[in-house]
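Notes follow the structure.
The values are calculated or read from the model by the stated rules, or taken from the named source; none is laboratory data. Values in this document were obtained by computation on a predicted structure and should not be read as measured data. Quick reminder, even Gly has a Cβ in these numbers, built from the backbone with ideal geometry, and neighbours come from all protein chains shown. With ligands, DNA and RNA removed, areas are computed over all heavy atoms of the protein, side chains included. Shrake-Rupley method; radii C 1.70, N 1.55, O 1.52, S 1.80 Å.
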Amino acid sequence: MAVNLKVSESATRENRLGSITGYNGTLFELAKSGCAGCLQNKKRTFQTTSNCAHTHCINQLAGLAGTLVVDHAPGGCSASQICFSAVKSRIPAPPGTLQHARVISTDLNETDTIFGALDKLRDRVRAAYDRHHPREIYIATSCVSAIIGEDVNSVADELTQELGIPVVMASAEGLRSKIWASGFDAYCHAASRARLKPKNERNNTINYIGFTNLGQDKVNPLFERLGLELIALTATASIEDFDRACSSVASFGQCGAQSSYLCGALEDVCDVRYFQHHLPYGGIGFERFFRDIAKHIGREEDAEAVIAEEKAKYMPIIEENKRRLKGKRVFIALGASFAYEYTRLLKELDIETVHAVAYHYDPKLDNANQEEKVAAATDVIELKLDVETSVNDGQAVETLQLIRKYQPDAVLTRGHDAGSWGVVEGIPALGCEIGLILMGYRGLAMFSTALADLVTNNNMLKNLAKHYKAPFSANYDNLAPHSFYRKVV
Amino acid sequence: MSECKLYEQNRTCCALGGIFTALAIEKVLPVLHAGPGCHSQSGGFLGMANGFTAPVTYPDSAVPSTNFCEEDVVFGGADRLRKLTEEALKYYNADLAIIASGCTSEIVGDNIGEVAGNFEDSDVPVLHVSLPGFKGNNVWGHSQVLNAIIDQYLTPREVKANKGQVNIFGIVPYFDPYWFSTLEKLERLLLDLGLKPNIIYGPGKGIAALNRVPDAEFNLILAPWTDLDIAEKLKEKFGTPYLHYPCVPVGISETTDFIHELVKYADLDINNAEEIIKKSESRIYYYLQQQAKAWYGGSMMPKRLFVNASAAAALSFVRFAIRDMNFIPYKVFITEDVPEERQTYIIEKLKEPKYDGWQDFDVVFTTDGGACDIEIKKVKDWSLSRATLFGTTWDELTAKNNAFPFLAISAPSGNDVIIDKSYFGYDGELVFMRDLYNDSIRKFLGSGAVAKLDVAKTPSVERKVQAAHVC
């Protein structure tokens, strides 16, 4: 069990799970060495900008209802939070019902780096409390607060007493980990310390941990057939949602990156079983996942009926899309879980995945039963799933070389810019859906329709590619893929 | 209520965001000595949440970075930076490279000047700039980058000044959401007036435009305070005088004044200028007549104006809103940490345009982007005295919650793509009218609406939110 809520800091993915950001080979080899505990990370001599654990810790914490985050950092370390809060003014909701993420920076300056800024932190937390009266406050640490050695945890304990609400530290230093998902862990660690309580009773509820509950309306009826109500521990989840989640019969997550730590903590603290080795995406994924859950609560027959109905309902659309997509070759650049989930989805559609880039790889997750492998390794074992793959932390210059090498018909991606590198080369990119909306045969029907439409009519991109001038020299153009790894001496 | 200063809802980003000024100059390649996510913070604020743009030539994801981590704190990262720079120069087509350090590498004391010095013999000049976020925001970073280029790259001209050449400074690229289109339109106007505008940002400019900077007859600073240090430095180093104009002119009155001032300062052909003014104004008045029905022709466009924006945007829009659009400023928040010595000038320029029944209004200098929302929340029912809000994407929700017509005028401006939109000049008046009116009619039904509202629905429960997110 890797989750330890007794300590104030979450361990990074590198240290806790042996996760990596540098690899090239096959999924089969990756999964095999991951399972054997002998996975080696490859480091780079040349790299480009990546992403930040700090950002992802804060955007998740600030997304929770009733919460406020004090960022103990220079002002710029919370600048990108608008990217996660801008959506608030676009959501169809009655005026006055939504509020922005509440993130208040201590705006550390040069003097603070010399003399420390714990008094400033105390003042800002108090003032933030006065302004918004939240039900809990999280204090996020940063590269700067860590390097100057600020004892933030003591201040958090002190202010918990003073303000009478939980004030909890989240260890969100960007320099601690190359894996931005370590920031999700820091969020889950802090939120678990504030919100999880051991419970004896079990309710007919199942927890879903993810960014958003988009698609919940589509999957609720499926869980209801098993007599289960879904609790979404996503953005805007309240203290009460977390409280109810402590008595659920099971948890599952959107992916290993965002959800593993909180699911693991729920299992550890509240004995809520964490299902992670079969993710519920596409038809195959759904069947295995739904049978696992049904077996856990003794509702196997109901599950079989639901599976049969869902299959009958959506297979005609899926079959039609398979016909439209026959012979297409697809390139993937996605997170640690979804890179291989989509590899399986494509296989289900009889489409070749020419290469899958994962932004990192977790050889294991935070589930108690370590006999159960991570979803990608499970697919290698159960389905003989294999694909040429590499791992890079959003290294677009590496991904571009691979896109150029394979000249796929489409790039599947989301965020981190791999899509735009395909697009300028004339290859369409799909911003993939993840989470509940992708679940089951319905998810596969939706995805395959989007993909079939994506590869139809690319006049705009063909024209763009003709006029595009890449910023690279012939030296780069002539490099073989994977040339940026540091030579191991 | 605590008296402590708060810093909420960032209206600026990290000093490292200053690197976007380098990225705005064609083929100037930044090499970052900063944490793995430092650039994404600025890129999120200045790109994704500010018109969904990415820099050309080098998009964010192509920017080399050492991705400074824990082991570098212990062992130092200068060697890795040297190697990274070496490889970057090999793999990228660049005319100029600029090494930039962030907080972590600054605190541990890596000497980026020394690393840059290793590339003295390189075909591509390698400059260096220190951009730790604990020293300032992106506006400060912008100044550091321009100062580095002038100090370390530009050399004094050998010939006399090029008659009519004017360098344009003041607009902070990417931070001003409309920077590029404004510069494009400004360039066209200056050419029409008989000047030779020299702009360093954007396509087809690059190193050649940079090299021309010392040759200018004068520099034009089109901003209340940014780049005044640059103007002074250029004056000192190259003897170039400068014209300081307080803001980007928006609308008829401001643009005509701007032209007159330019004509006077640079001794331009007045007849040509008057011809341009006449033609442009009559075009705008044609549209104004067309739109008379929509604008104050029986509508209830709220005239009380809140502004929560950078000094540059606040000045442009407040002056225009008073002079040409009938607005009454109520309170103006200026949020980019303006140096104290520049604040009086900004207040003077904000309050310069008068109107009948003129009332004084408050101007607040702050780094607390959330202060405006708190101020607006003090009034419970804004339907009694409706107002309009010009601000950022953060403010869009405040506007929605209070049914204020809203215009994004300042960074981060993230719910719409901007592409070539600009409020500059005569045409800016039309863009403004179109945007604001279209927003306002989505917020008011008016008493003549044949529609029934569900009055039972009171806003009480916060709904599940679909977070825009990437994994």
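For this structure, a couple of remarks:
- The set of residues in the range A:443-474 that are within 13 Å of chain B (Cβ to nearest Cβ) and either surrounded by 13 or more Cβ atoms within 10 Å (Cβ to Cβ) or not in a helix (DSSP H, G or I) (or both) comprises A:LEU464, A:TYR468, A:LYS469, A:ALA470, A:PRO471, A:PHE472, A:SER473.
- Given (1) of a type in the set (A, V, I, L, M); (2) in a helix (DSSP H, G or I); (3) open to solvent by less than 10 Å² (accessible area, probe 1.4 Å), number of the condition B:LEU89 does not satisfy: (3)
- Counting the residues of the range B:179-205 that are farther than 14 Å from B:PHE20 by Cα and either in a loop (DSSP other than H, G, I, E, B) or not charged (D, E, K, R) (or both) gives 16.
- Some residue of the range A:325-335 being out of contact with any helix residue (DSSP H, G or I) (no Cβ under 9 Å at 6 or more places or on another chain) and modelled with pLDDT of 95 or more: yes
- Residue check for A:LYS487: closer than 18 Å to A:GLU398 by Cβ, out of contact with any strand residue (DSSP E or B) (no Cβ under 8 Å at 6 or more places or on another chain) and at pLDDT below 95: yes
- The helices (runs of 4 or more DSSP H) falling completely within the range A:334-422 that include 2 or more residues that are open to solvent by 30 Å² or more (accessible area, probe 1.4 Å) and basic (Lys, Arg) map to A:396-406.
- Scanning the range A:89-99 turns up no residue that is in a helix (DSSP H, G or I), facing chain B (nearest Cβ under 7 Å), open to solvent by 10 Å² or more (accessible area, probe 1.4 Å) and of a type in the set (Lys, Arg).
- Pair list, Cβ under 6 Å, 6 or more apart: the range B:366-379 residue in contact (Cβ under 8 Å) with a residue 60 or more places away in the chain, other residue crowded, with 20+ Cβ neighbours inside 10 Å and assigned to a helix (DSSP H, G or I): B:GLY369/B:TRP394; B:ASP373/B:THR398; B:ILE376/B:THR398
- For the range A:102-111, residues that are surrounded by fewer than 24 Cβ atoms within 10 Å (Cβ to Cβ) and either facing another protein chain (nearest Cβ under 7 Å) or assigned to a loop (DSSP other than H, G, I, E, B) (or both) total 3.
- Here B:VAL450, B:VAL431 are screened, and the one residue that is open to solvent by less than 30 Å² (accessible area, probe 1.4 Å), out of contact with any Gly (no Cβ under 9 Å at 6 or more places or on another chain) and β-branched (Val, Ile, Thr) is B:VAL431.
- From the options B:LEU127, B:LEU131, residue that is of a type outside the set (D, E, K, R), facing chain A (nearest Cβ under 10 Å) and in contact with a strand residue (DSSP E or B) (Cβ under 7 Å, 6 or more places away or on another chain): B:LEU131
- Matching residues in the range A:113-130 - criterion: being within 7 Å of chain B (Cβ to nearest Cβ) and open to solvent by 20 Å² or more (accessible area, probe 1.4 Å): A:THR113, A:ASP123, A:ARG126, A:ASP130
- For the condition under 18 Å from the mean Cα position of the chain (by Cα), farther than 27 Å from B:CYS14 by Cα and not assigned by TED's automatic domain parsing to the domain that holds A:GLU388, A:VAL7 does not qualify.
- Filtered by the rule that a residue be at the interface with another protein chain (Cβ under 9 Å from one of its Cβ atoms), open to solvent by less than 10 Å² (accessible area, probe 1.4 Å) and outside any helix (DSSP H, G or I), the range B:21-49 gives B:LEU29, B:LEU32, B:ALA34, B:GLY35, B:PRO36, B:GLY37, B:ALA49.
- Residue within the range A:14-26 that is touching a residue at least 40 places away in the same chain (Cβ under 8 Å) and more than 24 Å from A:SER483 (Cα to Cα) present: yes
- Among the conditions (1) facing another protein chain (nearest Cβ under 7 Å); (2) under 23 Å from A:HIS56 (Cα atoms); (3) touching a residue at least 60 places away in the same chain (Cβ under 8 Å), the only one that B:TYR92 does not satisfy is (2).
- Selected residue (criterion: farthest from B:GLY47 (Cα to Cα)) from residues of the range A:431-442 that are open to solvent by 30 Å² or more (accessible area, probe 1.4 Å) and out of contact with any Gly (no Cβ under 7 Å at 6 or more places or on another chain): A:ARG442
- Some residue of the range B:142-155 being among the small types (Gly, Ala, Ser), modelled with pLDDT of 95 or more and under 22 Å from B:HIS39 (Cβ atoms): yes
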